[in-house]
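Take a look at the structure below.
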Amino acid sequence: MIDALSTIPVVWKHTPWNKGKIVGAKPPLRPKHVWAIRTQLQIDGRMRDLALFNVAIDSKLRGCDVVGLKVDDVAPGGYAADRATVRQKKTGRPVKFELTESTRQAIDDYLRVTGKKPGDYLFTGRRRPGHMTTRQYARLLSHWIADIGLDPHLFGTHSLRRTKATLIYRRTGNLRAVQLLLGHTKIESTVRYLGIEVDDALAIAEQVDV
């Protein structure tokens, strides 16, 4: 006798990879959030994290390029330079960026304490040789975000890449400058990346009173 249960087909339920997760473009940080994170890192004495955060904001680099930085890239003479040039891993194209005074100071303090030399990776993890991984970088960012009372699920490493670029566009309207700073080959990529079409449409709509 055949067991009736054995003839019932088994239906496997597929769980989407993004179930329960917030997907899509992560928003940039606001200036007040940037300063809140900087202040908290300074209070906690987390010199590496402060240098990492400041470099990420100023450089506008992708996460893989931020963690891949070497001492020579930002401090070729032993001290942080005003400007730096890095070849992007994704495109293979060089991109230039500025380092503000607060970022240079954070880098110099970090290098002095760690004793890192030219050729060393700038940001290293605690448990493995080589540079910090992008996963470690993302985890650190989640902690920074949570420490100032924001939801870490709403932000990602691209939030840091977008932060200064978005501010520059909003204050100047110079899309070409932002394209160069982000290292995009096509200006259409910059438009999509910043969500300019939506922002501009909302700005126009807010000026119209019916």
- request: Kindly check whether there is at least one residue in the range 46-54 that is out of contact with any strand residue (DSSP E or B) (no Cβ under 7 Å at 6 or more places or on another chain) and modelled with pLDDT under 95.
  value: no
Note: among His158, His153, just one is within 18 Å of the chain's Cα centre (by Cα), closer than 21 Å to His33 by Cβ and surrounded by fewer than 15 Cβ atoms within 10 Å (Cβ to Cβ), namely His153
- With respect to Ala36, is the statement that it is outside any loop (DSSP other than H, G, I, E, B) and crowded, with 21+ Cβ neighbours inside 10 Å true? no
Counted residues in the range 154-210 being part of a helix (DSSP H, G or I), modelled with pLDDT under 90 and of a type in the set (S, T, N, Q) come to 3
The correct count of residues that are under 14 Å from Leu160 (Cβ atoms) and outside any helix (DSSP H, G or I) in the range 39-49 is 0
Filtering the range 161-172 for residues that are loosely packed, with under 15 Cβ neighbours inside 10 Å and small (Gly, Ala, Ser) leaves a count of 0
Residue set Val191, Val113; condition of a type outside the set (Asp, Glu), more than 22 Å from Lys60 (Cβ to Cβ) and either surrounded by fewer than 19 Cβ atoms within 10 Å (Cβ to Cβ) or touching a His at 6+ places or on another chain (Cβ under 7 Å) (or both); output residue Val113
- Item | Residue match in the range 9-23 (condition: closer than 16 Å to Phe155 by Cβ, part of a loop (DSSP other than H, G, I, E, B) and at pLDDT 50 or above) | no
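The values are calculated or read from the model by the stated rules, or taken from the named source; none is laboratory data. Just so you know, these numbers come straight off a predicted model, no measurement behind them. Every residue, glycine among them, receives a Cβ derived from its backbone with ideal geometry; neighbour counts consider all protein chains shown.
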